[in-house]
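Right, one structure below, let's go through it.
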Amino acid sequence: MNRPAGPLFARGEKAAMVAADLIRRCGEGGITYGYLLLYIALSSGQIFFNKWVLSSKQINFPYPVALTLLHMLFSSVLCFLLTKVFKIIKIEGGIYSEIYITSVMPIGAMFAMTLWLGNSAYLYISVAFAQMLKATMPVAVFFLGAAVGLEAFSCRMFTIMSVISVGVVVASYGEISISWIGVVYQMGGVVGEALRLIFIEIFVKKKGVRLNSISMMYYVSPCSALCLFVPWIFLEKPKMDSSGPWNFPPIILGLNCLCTFALNLSVFLVITRTSALTIRVAGVVRDWVVVLLSALIFSDSKLTIINLIGYGIAISGIVAYNNHKLKNEASEIKSVVNVDTDDQGKSQDDQAALIPLKENT
């Protein structure tokens, strides 16, 4: 007699389902890692691209305010086309005039300040040294956040901040030639970025508005462009006029602006697939890639052993900082879930109390 094929068919169907689920997970993981690699490549490439445009004699465009203004104008126009004309990307609402004035405009102003000063630093210091100075970002965010009540002092955080600071000091000590003008520009950009992040945190926590990166860029880019237009008129336009006719290569500048928008889009894709913390971790990898590659690409980037040791110390502090923030975010999410559960239980008890007891008959 033939054995029934039912159990064998069930096993085969279960194995096929497991294989299909494994393939699906591998595919999703591959897409996620692909987005991460795209972000690291675009972010690193944009830094090198900006440095080349600003300092290259072939391009002859040493105007960081003008370059940043072009980025913001390009992003504003492209965001408008994608969201309002072609409607490819949906913009999240919830932005009213009061919120725009009190939250979006300060974020846009700090973003403009960050890009302006950060790009200006490339005219005076190497890309590698600029990235090392950027490692002080968590220190600036922590102390400014503590000043406005968003961060709490603790021995752990003080130790982490000390490690990062010592690492940056050691890396700076190992720098062969330091331009203090470039250092001031870069540290000004760090302060601007720290203030931008604090304004975003206030925007999210206290006003309860959450926007994805594309929506944020849609609202912030025009404001940043307006903030950059004023210093460009007074600081760089006279220099551009005095240097002769404007015959800058439009294709190169257009590609540079397009890469900036593609970088912001890659941030949106990564956060959509993972989280904002993943972007911070990927940023650490990006920083190492930029530091090491810049020594090979640009002649003004000379790495020393002291540079690398100091930067390694600073990066270890940044990793500890990210880990600490991850634990805090996880505990906050857990507490919110517990509160919601308790509220649901209380509401059920209140509803039960409102229902009259049925009399015995």
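Readers should treat all values here as calculations from the given coordinates under stated rules, not as data from a laboratory. Fair warning: this is a prediction, and the values are worked out from it, not measured in the lab. In this analysis, Cβ positions are derived from the backbone assuming ideal geometry, glycine residues included, and neighbour counts consider all displayed protein chains.
What is the extension gain from L150 to I31, computed as 0.36 nm multiplied by their sequence separation minus the C-alpha to C-alpha distance, in nm to one decimal?
That pair, L150 and I31, stretches by 39.3 nm at full extension.
For M240 and W288, compute 0.36 nm times the residue count separating them, minus their Cα-Cα distance, and round to one decimal in nm.
Result for the pair: 13.8 nm of gain on full extension.
Give me the one-decimal nm value for the distance between modelled label points at C259 and T159, 7 Å along each residue's Cα-to-Cβ direction.
4.1 nm
Please list, by residue number, every one of the trypsin sites (Lys or Arg not before Pro) in segment 202-244 that is coil in DSSP and has at most 12 other beta-carbon atoms within 10 Å.
Qualifying residues, ordered by number: K206, R210.
Going down the table (K51/K325; K134/K237; K84/K237; K134/K327; K134/K302), which pairs top 20 Å between alpha carbons? Don't jump to the answer; show the numbers that get you there.
Working: K51/K325 32 Å; K134/K237 29 Å; K84/K237 32 Å; K134/K327 23 Å; K134/K302 17 Å.
In this structure, K51/K325; K134/K237; K84/K237; K134/K327 lie more than 20 Å apart at Cα.
So if R0 is 35 Å, what FRET efficiency would I309 and L226 give, r being the distance between their Cβ atoms, rounded to the nearest 0.05?
0.20
Between Q58 and S299, what is the label-point separation in nm under the 7 Å Cα-to-beta-carbon projection?
Distance between the two pseudo-spin positions: 1.4 nm.
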